[in-house]
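The values are calculated or read from the model by the stated rules, or taken from the named source; none is laboratory data. Note that the structure is a prediction, hence the values are computed from the model and not measured. Counting neighbours? That spans all protein chains shown, and the Cβs are built from the backbone with ideal geometry, glycine included. Ligands, DNA and RNA are excluded from the accessible area calculation, which covers all protein heavy atoms including side chains. Shrake-Rupley method; radii C 1.70, N 1.55, O 1.52, S 1.80 Å.
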Amino acid sequence: MNKYALLIKTGDSELRALSNFNISSSILPIIELTRGRKSKTDKEGAIEKRLNKLKEIFKNKEIIIDLTSDENLSNSEIDSFFTPNNGYYNWVEFLTTIKNNNYFQRIIPTIIVNGQDPNFEDNLKSQAESFATKFNCMAYRCNIEDDGCVDDIDAIKEFMNKCETSIIIDNGYIQASEISACAQKSVKFINKISTLVPNASFIVASTSFPDKLPVEDTSTIPLSEIELYQMIERNLSKSIIYGDYGSVNPIRNDSIVMTRGWRPRIDVPLADSVFYYRKRRDRLDYSTTYSIVARDVTADSRFPNDLNGNWGIQQIRNAADGASPGSNPSFWISVRMNIHIEQQLIRLNLL
């Protein structure tokens, strides 16, 4: 069965977008666990907060669980999972506990790697053996810039070949000028890994949504991740799964304080691009300015009026009608992501 692999961090924007979407079996979430929101009573930001929300959103669904490598989104609890002792015991036990509580239909655990481990290969093999035995499946996320990932897979191929294995070829953020080079390297990786783990399934994931948009008040951003996937697919003899970051850039701006405010902006995903409008507030408040922007957006002939049941589309319409569904960038990221997911499901004939 074909699927849409959605690679997501567990930030507020992403979880809001997903909680307002009817998650179908056509979506394969690749969840990069991050710390929860910090508070006076929780200086660490316990990941239990994120996990509880994930249980609600993905109840009885299949998910791939991974860990963030972003120090700004981590905490001591997440750091402990990277401790390689006894075959990454902390990580294996954490996932086993979740599995045994039957929150999800199935958990596909992701192999994590600590390059500072003096017993690197032994602990890596032990981790893979645990996943093959306890879960009968595993995933490995291969960063396109990391040539060592093939060596990792070679070291644990014995265990990968004993169970269901998913290989995520992660191209991260890409620009149009990089598509050809990334496609060539992805094809090379897939062909190499296929000789080691013949029955592995492959997911190709990337995003082209920038962390900073052009200076114009309105513009269109092509989704290069689609062209990348299609180029890779054309050069392979086996089928692969399309994946992306849900129109979210991998680099987070959560810690940036905008002392002079921001220009309200609304993004509208289409099948293979995203268009946006934004406006300076001048002396208006944020809510009023977002309403003006929403009216510009809905007046654009490209606005997807056919997505009548979509939560994100409805929030834009509400704002255009003068309501104030959200007056901060985080809310409108959720709107963009929510619409993007539906557009991709339609494009892939999965909805």
Which three lengths, in whole Å and largest first, does the chain cover when its Cα atoms are put on their principal axes? 62, 52, 34
For q values of 0.15, 0.17, 0.26 Å⁻¹, compute log₁₀ I(q)/I(0) with the Debye formula on a Cα-only model of the range 145-219, without solvent. -0.59, -0.70, -1.23
Accessible area expressed per residue, the range 1-69, with surrounding protein chains retained (probe 1.4 Å, Å²): 42 Å²
Listed residues I339, I316, I292, most fluctuating in the chain (Gaussian network, C-alpha, under 10 Å): I292
Viscosity 0.890 mPa s, 25 °C: Kirkwood-radius Stokes-Einstein D of the range 23-98 over Cα pairs, µm²/s: 182 µm²/s
Using a 1.4 Å probe on heavy atoms of the protein chains only, the accessible area for S177 in Å², nearest 10, reads 100 Å²
With both bridge residues required to lie in the chain, what share of the DSSP beta bridges run antiparallel, to the nearest 5%? 20 percent
Translational diffusion coefficient of the range 196-351 at 25 °C, 0.890 mPa s, Stokes-Einstein with Kirkwood Rh over Cα pairs, in µm²/s as a whole number. 145 µm²/s
Hey, how many Å between the Cα centroid of the range 272-326 and the Cα centroid of the range 88-123? 42 Å
How large is ³J(HN,Hα) for each residue in the range 269-286, as worked out from phi by the Karplus curve 6.51 cos²θ - 1.76 cosθ + 1.60 (θ = phi - 60°), to whole Hz, x for Gly and Pro? x, 10, 4, 9, 7, 9, 10, 9, 10, 8, 8, 5, 6, 6, 9, 7, 7, 5
Subtract the Cα-Cα distance of N2 and D122 from 0.36 nm times their separation in residues, and report this length gain in nm to one decimal. 39.7 nm
Amide H within-cut-off set for F104, under 5 Å, with H built and near neighbours excluded: N60
What distance in nm separates the simple spin-label points at Q230 and N100, each placed 7 Å from Cα in the Cβ direction? 4.9 nm
Using only the Cα atoms of the range 184-224, each taken as one equal point scatterer with no solvent, compute I(q) by the Debye sum, divide by I(0), and report log10 of the ratio at q = 0.14, 0.26, 0.32 Å⁻¹. -0.53, -0.93, -1.14
Simple SL model, points at 7 angstrom along Cα→Cβ for K188 and N349; separation in nm is 3.3 nm
What does the convex hull of the Cα atoms come to per residue for the range 1-144, in Å³? 128 Å³
For the chain, what is the mean residue ellipticity at 222 nm derived from helices alone (per DSSP H run of n ≥ 4: -39500 (n - 2.57); sum divided by total residues; nearest 500 deg cm²/dmol)? -12500 deg cm²/dmol
Could you do me a favour and compute the accessible area per residue for the range 157-219, 1.4 Å probe, result in Å²? 45 Å²
Rounded to one decimal in Å, the inverse mean reciprocal Cα-Cα distance for the range 151-280, i.e. its Kirkwood radius, is 16.8 Å
Between S177 and D282, what FRET efficiency comes out of the Förster formula 1/(1 + (r/R0)^6) with R0 = 35 Å and r the beta carbon distance, rounded to 0.05? 0.45
Portion, in percent, of the accessible area of the range 274-351 that falls on carbon or sulfur, probe 1.4 Å: 44 percent
